Amino acid sequence: MTASVVREQPRRRTGIFITFEGPEGAGKTTQVERLARRVEATGISVVRAREPGGTLIGQELRAMLLLPGRPALSDQAEALLLSTDRAQHVHEVIRPSLLAGMVVISDRYTDSTLAHQGYGSGLSARALRRINAFATGNLAPDITILIDIDPEVGLARRRAAFRSGEGEYNRIDGRGLDYHVRVREGFLAVAQEYPERIRVVDGLQRIEAVEEDVWRHVAPLIDLSRGFVDGGRK
């Protein structure tokens with residue numbers, strides 16, 4: 001008997017699922033917050049999410065995965081812990097919020113696994129896709145914003161933010177430049193594979209210009225003029 005992925009039966013959803021992806025230091029967290037405020041200003045409820053660490057269980061997993069000084073993980077263990085975090089995140093936060101008609105904006109999702117653990121660490125993309133499908137019940141974003149940036153520039157931003165006390169510098173940030181170059185190549189390859197879902201935005205622009213590009217891609221989906229997300233109105 002051949003093995004098969006266990007698939008969760010799809011349930012009706014009325015919300016909108018937006019994800020942000022990109023190399024370290026691309027400005028994802030900043031743009032998640034800017035987009036969230038912009039959508040909330042229209043009267044639509046927004047749920048901000050992040051991976052790893054978007055739930056109480058996820059916060060514990062985030063510490064295991066990212067904090068310097070924690071025991072080293074094999075590439076496979078890292079991928080499975082991230083998938084555990086994602087499964088809980090979908091179950092506890094993302095899917096219930098979508099069913100309630102809200103806009104969910106997540107800082108990272110399944111594409112990060114393909115870029116980091118696939119292209120960065122060299123694990124099987126086929127295996128990672130099956131793990132992602134199992135962890136999420138095949139829940140895909142409606143749109144993904146990929147903020148692209150040169151890894152050297154992004155890592156320099158991360159180090160500067162850490163020195164100023166405005167951000168973290170975790171053990172994935174501290175991996176070699178060659179790893180981060182492969183990760184960026186992975187994100188761009190996934191974007192080419194899913195052009196109908198992933199929109200690439202230049203992360204070297206001013207923050208305000210990035211925000212406008214993001215809004216240009218997201219606004220038609222939300223369809224503010226018709227109040228598309230009726231169930232999430234305040």
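The values are calculated or read from the model by the stated rules, or taken from the named source; none is laboratory data. Note that the structure is predicted; figures quoted are calculated from it, not measured. FYI the Cβ positions are ideal-geometry reconstructions off the backbone, even for glycines, and counts take in every protein chain you see.
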message = Anything in segment 64-97 that is modelled with pLDDT of 95 or more, farther than 19 Å from Ala115 by Cα and charged (D, E, K, R)? List them, or say none.
response = Glu92, Arg95
key: Residue count for segment 61-72, restricted to those that are over 10 Å from Asn170 (Cβ atoms) and surrounded by 15 or more Cβ atoms within 10 Å (Cβ to Cβ)   = 2
query = So is Ala161 of a type outside the set (D, E, K, R) and out of contact with any Gly (no Cβ under 6 Å at 6 or more places or on another chain) or not?
reply = no
query = Mind checking which pairs have a first residue in segment 99-113 that is more than 9 Å from Glu21 (Cα to Cα) and among the hydrophobic types (A, V, I, L, M, F, W, C) and a second that is modelled with pLDDT of 95 or more and assigned to a loop (DSSP other than H, G, I, E, B), Cβ under 6 Å, 6 or more apart or different chains?
reply = none
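Does Arg37 meet the test of being free of Cβ contacts under 8 Å to residues at least 24 places away in the same chain, over 25 Å from Ala87 (Cβ atoms) and out of contact with any Lys or Arg (no Cβ under 6 Å at 6 or more places or on another chain)? Steps first, answer last, please.
Working: free of Cβ contacts under 8 Å to residues at least 24 places away in the same chain: yes; over 25 Å from Ala87 (Cβ atoms): yes; out of contact with any Lys or Arg (no Cβ under 6 Å at 6 or more places or on another chain): yes.
Yes.
Are there any helices (runs of 4 or more DSSP H) wholly within segment 59-136 with 2 or more residues that are basic (Lys, Arg), and if so which?
125-136
Condition check: under 21 Å from Asp85 (Cβ atoms), in contact with a Gly (Cβ under 6 Å, 6 or more places away or on another chain) and buried (at least 16 other Cβ atoms within 10 Å of the Cβ). Does Tyr169 satisfy that? Let's see the steps before the verdict.
Values: under 21 Å from Asp85 (Cβ atoms): yes; in contact with a Gly (Cβ under 6 Å, 6 or more places away or on another chain): no; buried (at least 16 other Cβ atoms within 10 Å of the Cβ): yes.
Against the criterion (under 21 Å from Asp85 (Cβ atoms), in contact with a Gly (Cβ under 6 Å, 6 or more places away or on another chain) and buried (at least 16 other Cβ atoms within 10 Å of the Cβ)), Tyr169 does not qualify.
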message = For segment 163-216, which positions are more than 23 Å from Gly120 (Cα to Cα), in a helix (DSSP H, G or I) and without any contact (Cβ under 8 Å) to a residue 24 or more places away in the chain?
response = Arg163, Glu208, Ala209, Glu212, Asp213, Arg216
